[in-house]
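Participant: Have a look at the structure that comes next, please.
The values are calculated or read from the model by the stated rules, or taken from the named source; none is laboratory data. Bear in mind the structure is a predicted one, so any value in this text is a computation, not a measurement. Neighbour counts are summed over all protein chains in view; Cβ atoms, including those assigned to glycine, are modelled from backbone coordinates with ideal geometry. Please note that ligands, DNA and RNA were not included when accessible areas were found on the heavy atoms of the full protein model with its side chains. Shrake-Rupley method; radii C 1.70, N 1.55, O 1.52, S 1.80 Å.
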Amino acid sequence: MDRRDEVAGFVRHRWGDLLAEIGRTVVDRDEARLPPPNDLLALAGSTGLLSLSLPRHVGGEDADALTWGMVLEQIGYLCADSALPLIINHQIDIARLVCASGRADLIETYAVPLAQGRSGAGIAYTEDADAFSFRTLLRRRGDDYVLSGHKTYVTGALISEVFLTYALDEAGDMQACMVQRDDPGVTVTAAEPVAMRTAGAASIAFEDVPLPADRILVATDGLTHAQGFLSYQRLWAACAPLGRAQAVLEDCATRLAAIDRYGEPLAGLKNVEASLGRMYVAVETARAVLYHALGRVAAGRAEQVFDPVVAAAKYFAVEQVRFVLDRALALLGGHGFYGTPDLGRYMRDFSGLSLLAGTQDILEVNLGAGVAARAGRPPAAKPHSAL
């Protein structure tokens, strides 16, 4: 708790005004389906928000996973724009993956500008097909490549200059490449999702895009590379909604305490107190589970492709956040339904968490398969006891 309080003070002091400014315009931007303004995202970069968890050789501060998760929690608590953490996390993770390549040319071209907020980036992976059925293809043309296909949903695409794109090669193996928005044959079209309307999401068409060979980030087994990205996204994606759930709980209690029913504050009715208590339990248990998983990642103990503790933490936290929002609507009644645009927007935005980086159902299947596999292993031999 001391560390969380320290991080909360740090985030409020360093970025509190910026986060509040982004949140002040979210209602109008949600109606217009507009992402945060570029100048404010650039300010997030210039003040170190985008580089905080990145390596020092690109200007970062090398914050560990637990610290970064706590920062995201506070961003969710302070900023009413649910999409902001998703946008910045995708950019940060792209920069991190580029740094992990060890390629000085790609680091200078892509990672450094992302860390400084001078450029935007999106992950071009989703195309309404499983990874073995991708129709986005990367074909050889002499010493270089040609990219063709379509990605149906890319977070932050409307404000991105580069896309980390996953495609199948002619042998059916997946590769990862860096595609620039201004490359010939790239067309970005705004998406109209049910929720996260301020995420700047778009579909991207690639029509025989010429791609130099030096833009290939991963030449073989890109599926493992992508799964590594998705594994950590499960964790990052749940942290900010937890912070927003905390804010919803506090706002709900404050409003209920100001309303009288039957001659006493509504918050004092026993059934209301019980509901607030259950919401408190949901927030605190989700926090404990997320912090446990974040600590596992920070200590280097997490499995890269699919870590069951990380997946379970995402699954559990999402369920708790949705529970808090549902109870808030029940307690606030008409005010929650028609008196504020915020709660309804959060319910829409966070409904998508159940789909992100693997649906809740898929996570159940994968986690259950792991349990069954471990149960079927022969027991480890016990050491002989000393006589």
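Participant: Considering (1) in contact with a Ser or Thr (Cβ under 7 Å, 6 or more places away or on another chain); (2) open to solvent by 20 Å² or more (accessible area, probe 1.4 Å); (3) more than 21 Å from GLU161 (Cβ to Cβ), say which one VAL7 fails and leave the rest.
Facilitator: Here VAL7 clears every test but (2).
Participant: Which residue is nearest to VAL305 (Cα to Cα), if the candidates are limited to the stretch 197-229 and must be small (Gly, Ala, Ser) and assigned to a helix (DSSP H, G or I)?
Facilitator: Filtering first and then ranking leaves GLY228.
Participant: Can you pull out every residue in the stretch 298-345 that is of a type in the set (D, E, K, R), within 22 Å of MET70 (Cα to Cα) and open to solvent by 60 Å² or more (accessible area, probe 1.4 Å)?
Facilitator: Hits for the stretch 298-345 are ARG301, GLU303, GLU319, ARG322.
Participant: Which helices (runs of 4 or more DSSP H) does the stretch 23-83 wholly contain that include 3 or more residues that are crowded, with 23+ Cβ neighbours inside 10 Å?
Facilitator: 65-78
Participant: Can you name every residue in the stretch 313-326 that is without any contact (Cβ under 8 Å) to a residue 60 or more places away in the chain and of a type outside the set (Asp, Glu)?
Facilitator: TYR315, PHE316, ARG322, PHE323
Participant: Within the set of pairs 6 or more residues apart or between chains, which connect a residue that is closer than 14 Å to VAL186 by Cα inside the stretch 125-152 to a residue that is of a type in the set (D, E, K, R) and assigned to a loop (DSSP other than H, G, I, E, B) with Cβ atoms less than 6 Å apart?
Facilitator: GLY149/ARG135; LYS151/GLU127; THR152/GLU127; THR152/ASP128
Participant: Continuing with this model, one more query. Would you point out the residue of the stretch 168-179, among those that are touching a helix residue (DSSP H, G or I) at 6+ places or on another chain (Cβ under 8 Å) and crowded, with 17+ Cβ neighbours inside 10 Å, that is nearest to ASP28 (Cα to Cα)?
Facilitator: Going through the qualifying residues, I end up with VAL179.
Participant: For ALA157, indicate whether it is surrounded by fewer than 21 Cβ atoms within 10 Å (Cβ to Cβ), over 20 Å from ALA63 (Cβ atoms) and without any contact (Cβ under 8 Å) to a residue 60 or more places away in the chain.
Facilitator: Considered against the rule, which asks whether it is surrounded by fewer than 21 Cβ atoms within 10 Å (Cβ to Cβ), over 20 Å from ALA63 (Cβ atoms) and without any contact (Cβ under 8 Å) to a residue 60 or more places away in the chain, ALA157 comes out as no.
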